[in-house]
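Laboratory data are not the source of any read-out in this text; all were calculated from the coordinates shown. Fair warning: this is a prediction, and the values are worked out from it, not measured in the lab.
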Amino acid sequence: MPVQQTLNTRFYRRLVEIDTLSSGCWLWPGQVLKGYGIIWEGPILAAAAEGRARKKTRAHRVSYELFNGPIPEGMEIDHVCHTNDDDCPAGDACLHRRCVNPDHLEAVSHMENVFRRDERFRRTGVRAVKP
């Protein structure tokens, strides 16, 4: 699939620009929306020629799929680095949302993702804001 190959190539090119935090987080160097790294699918000119808009995808999801394989149906990607960082401010200011380190990403059910978010809130008193 040429669009996916282009997406993967673009993702790998950005990896050389990544800042690594002491936590091991790889911070996405590209566009950010609501704290999450964003990567655009497909070439601009091809989309324009076909009369369609390009689709944006969260960079951490692309990273997970590149390094771990497809995200299982019905699963979400949890930033384990965020779950374990009690000092993180959460919400859009959370740097962990930009993390694309595949070792920090885990496929979990929505229920597990919400449980982890709420458990972190009980420990820290900092509520994460769902985008």
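Summary table below
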item: Amide H partners (placed H, <5 Å) of residue 35, local residues excluded; result: none
item: Extension gain (nm, one decimal) between residue 23 and residue 8, 0.36 nm per residue minus Cα-Cα; result: 2.9 nm
item: Interchain or long-range residues, amide H under 5 Å from residue 25's placed H; result: none
item: For segment 71-123, the fraction of alpha-carbon pairs in successive 10 Å shells from zero, as %; result: 26, 56, 18, 0
